[in-house]
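Since every read-out is calculated from the coordinates, none of them should be taken as a lab result. Since this is a predicted model, take the numbers as computed values, not measurements. So basically every Cβ, Gly included, is an ideal-geometry build from the backbone, and we count neighbours across all protein chains shown.
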Amino acid sequence: MKSLVLFSNDLRLNDNDAINSSIKGYDSTTFLFVFDKNLYLKTHGSANLWWLKKSLDHLKENLKGKKITLHIIQGDYIKKTLEIIEKYKFDSVFINQNKHPEFIKKEEILKLSLKRININLFAYNKATLVDPALILNKTGDPYKVYSPFYKNCKLLYSQKEVLKFPSINIRNFIIEEKEIDTSKVFSINNNKWSEKFDKYWSPGEDNAHISLEKFFKSSLSNYKEVRDIPSVSGTSKLSPHLRFGEITTNQIINHFKFHDNHALSKHEEHFIKELYWREFSYYILFHFPYVIDKPFNKKYENFEWEVNYKDNLEKWKKGNTGIRIVDAAMNELLETGWMHNRTRMITASFLTKNLLIPWQEGEKWFRDNLLDADIANNVMGWQWVSGCGTDAAPYFRIFNPLLQEKKFDPDNIYTKKWLNNFDLYTDDHETDLLTNNDLIKPIINLSNSRNIALERFSKIK
Ligand SMILES: Cc1cc2nc3c(=O)[nH]c(=O)nc-3n(C[C@H](O)[C@H](O)[C@H](O)COP(=O)(O)OP(=O)(O)OC[C@H]3O[C@@H](n4cnc5c(N)ncnc54)[C@H](O)[C@@H]3O)c2cc1C
């Protein structure tokens, strides 16, 4: 009996149900990753692809250390997998569910196609803590607000055992297929721009656990306070590792002995709540799949966005808005492939509520440039800030980037770090600007644009 483990965004050896189950009762197992160019370009941004390549290389090396081959081949996800299953006569296929809507569709087709040829597909879920379909309110409907969702989800999630990679020798069945050169294939949209990511990031399962340990030792004890300061490395930076399933939320929560009568500190509790925000994003995407490109709150479909915004959008993307903290944050993104949560909110608010550019444009740019670009978290982040999502910031809450900077970066440590031309920005955008032509001028008047936004929002509230 032969089993096949098919990877997608579960690039880890531990807490991997597909791997552990694939060896029970089978004589040999094969490990496979199919790079379907259309599918991966649709579901991964350029920065994501950089991470994917590195993470796959890491996984391949780790498996090699166990004398197991990870076959990385190219082809249509369904056709190629079926071709291999029939050619080598596999008896069962094991996957960990991928919760991206495009993969959900593919996995469903794969399941039906395999059923027709009498082959089982075993699919496990560690992408979320609880299966989203199981969390419903008393009337059987999905929750639309985070707090009751959190309460209910926490009750349903009984800390699952963290699986270890099997200690027994796995008999690895090698298939003869053309392997792809990951350094060529994944550079499709990548150029010199992504080379610098090496300076900031180390993808791969082992590095995910190193980041977790580091965060536990250095920042968790102050998390609730420091998580909002963009100049401080006070958050876990686990987001890209979670995005590619190098670590599971189950593994992270187990670190807290969550259900062991262990009293959580306010910092631990806050961190766990953030993990549940991720859970909530996936939950909303599952129950309301239209949110991928339309507002959760449908009345905002009629919001009056600017029409001719191309120039301002380009300036925002390149960090040329003349608003110091916005430009610093956009530079952080271009340089490192990541942006602090506080400045994600500030830049998103500026784009949607000052420049009045549709949130979908910002979501698209983040999707292509963030290493952690994650369909559920990105869409929900953008909808929350722009005021059209669940639990959204009320329409009249428009971040003032100048006040945000004063509060969260009072000594300009963050803005100085990410702006070469820091000295050309003024503190309040008013003094000197009329007399000194060398200074950088904002592309928009903050208070006028705020009033226009308020007026337009009030029309549909
Ligand atoms: C406009 C906008 C876009 C965003 N796009 C993404 C995205 O594409 N991918 C992404 O993973 N996160 C996104 N976020 C959420 C958040 O900014 C990042 O998860 C966080 O900054 C990642 O850093 P960290 O791992 O150090 O977070 P930590 O503070 O250490 O949190 C740990 C984990 O909890 C989850 N988490 C934290 N904050 C949030 C949140 N607000 N919503 C959902 N989950 C959260 C993440 O998985 C994160 O890795 C976005 C937020 C906004 C406002």
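What Kirkwood hydrodynamic radius do you get for the stretch 102-245 when you take the inverse of the mean 1/r over all pairs of distinct Cα atoms, in Å? List each step's numbers first, then the result.
Details: mean 1/r = 0.0490 Å⁻¹.
Result for the stretch 102-245, one decimal place: 20.4 Å.
May I ask for log10 I(q)/I(0) of the stretch 50-185 at q = 0.12, 0.17, 0.19 Å⁻¹, from a Debye sum over the Cα atoms as equal point scatterers with solvent left out?
Values returned for q = 0.12, 0.17, 0.19 Å⁻¹ are -0.70, -1.18, -1.32.
Shape verdict for the stretch 341-461, please, from the Cα gyration tensor: rounded (a/c under 1.5), prolate (a/b greater than b/c) or oblate.
Working: a/c = 2.10, a/b = 1.36, b/c = 1.54.
Note, shape of the stretch 341-461 comes out oblate.
Over its Cα atoms, what ratio of radius of gyration to 2.2 N^0.38 Å does the stretch 1-117 give? Intermediate results must be reported in sequence, preceding the final value.
On the way: Rg = 13.8 Å, N = 117, 2.2 N^0.38 = 13.4 Å.
The stretch 1-117 yields a ratio of 1.03.
Semi-axes of the equivalent ellipsoid for the stretch 206-337, please: Cα gyration tensor eigenvalues, times 5, square-rooted, ordered largest first, whole Å. Write down the numbers at each step before the final one.
Values: eigenvalues 212, 96, 39 Å².
Each semi-axis is the square root of five times an eigenvalue, giving 33, 22, 14 Å.
Which value in deg cm²/dmol, rounded to the nearest 500, describes the helix-derived mean residue ellipticity at 222 nm for the chain, given -39,500 (n - 2.57) per DSSP H run of n ≥ 4 and division by the residue count? Walk me through the numbers on the way to the answer.
Working: 22 runs with 217 residues, N = 461.
Using -39500 (n - 2.57) per qualifying helix, the result is -13500 deg cm²/dmol.
Using the Kirkwood radius over Cα pairs, work out the Stokes-Einstein diffusion coefficient for the stretch 329-372 at 25 °C and 0.890 mPa s, in µm²/s as a whole number. List each step's numbers first, then the result.
Numbers: Rh = 10.4 Å.
In µm²/s, the coefficient rounds to 235.
Which translational diffusion coefficient, to the nearest whole µm²/s, is obtained for the chain from the Stokes-Einstein equation, given a Kirkwood hydrodynamic radius over C-alpha pairs, 10 °C and 1.306 mPa s? Before the final figure, lay out the partial values.
Numbers: Rh = 23.7 Å.
The estimated diffusion coefficient comes to 67 µm²/s.
Over the chain, what is the relative contact order in whole percent, taking alpha-carbon pairs under 8 Å and six or more residues apart?
Working: 675 pairs, mean separation 80.9, N = 461.
Computed value for the chain: 18 percent relative contact order.
Considering the dipole of the stretch 76-218 built from charges on the beta carbon (Lys and Arg +1, Asp and Glu -1) around the Cα centre, which of VAL130, ASN207, TRP193 is farthest to its positive end?
Checked the options; the winner is VAL130.
Where a ≥ b ≥ c are the square roots of the eigenvalues of the C-alpha gyration tensor, would you call the stretch 287-383 rounded, which needs a/c under 1.5, or, failing that, prolate if a/b is larger than b/c, or oblate?
On the way: a/c = 2.10, a/b = 1.25, b/c = 1.68.
Oblate is the answer for the stretch 287-383, as a/c is 1.5 or above yet b/c matches or exceeds a/b.
Among SER55, SER386, SER458, SER92, rank each residue by its count of other Cβ atoms within 10 Å, from fewest to most, as a rough exposure measure.
On the way: SER55 24, SER386 27, SER458 10, SER92 20.
Lowest count first: SER458, SER92, SER55, SER386.
How large is the charge dipole for the chain, taken about the Cα centre, if only the Cβ atoms of Lys, Arg (+1) and Asp, Glu (-1) carry charge, to the nearest 20 debye?
Details: 67 positive and 59 negative charges, 198 e Å.
In total the dipole reaches around 960 debye.
Determine ³J(HN,Hα), in whole Hz, for all residues of the stretch 382-398 in sequence, where each value follows from phi through the Karplus function 6.51 cos²θ - 1.76 cosθ + 1.60 and θ = phi - 60°; x replaces Gly and Pro.
Result, rounded to whole Hz: 5, 5, 5, 5, 7, x, 10, x, 6, 6, 5, 4, x, 4, 7, 8, 10.
How long are the semi-axes of the equivalent ellipsoid of the stretch 222-283, taking √(5λ) for every eigenvalue λ of the Cα gyration tensor, in whole Å from largest down?
Rounded to whole Å, the semi-axes are 18, 17, 11.
Can you give me the long-range amide H partners of THR30? Hydrogens built in the peptide plane at 1.01 Å from N, cutoff under 5 Å, separation of 5 or more residues or another chain.
So THR30 has HN proximity to SER3, LEU4, VAL5, PHE173.
Rounded to the nearest 10 degrees, what's the angle between the helix 146-156 long axis and the longest principal axis of the chain, both from Cα atoms, 0 to 90?
The answer is roughly 20 degrees.
For the pairs LYS54/LYS105; LYS2/LYS184; LYS364/LYS417; LYS2/LYS80, flag any whose C-alpha to C-alpha distance is greater than 22 Å.
Those over the limit are LYS54/LYS105; LYS2/LYS184; LYS364/LYS417.
Once label points are set 7 Å from the Cα along Cα→Cβ at both ASN137 and LYS459, what is their separation, rounded to one decimal in nm?
According to this spin-label approximation, the distance is 3.1 nm.
For MET380, MET345, MET1, what ranking results if the residue with the fewest other Cβ atoms within 10 Å of its Cβ goes first? Show your work: numbers first, answer last.
Values: MET380 26, MET345 19, MET1 11.
With the fewest neighbours first, MET380, MET345, MET1 line up as MET1, MET345, MET380.
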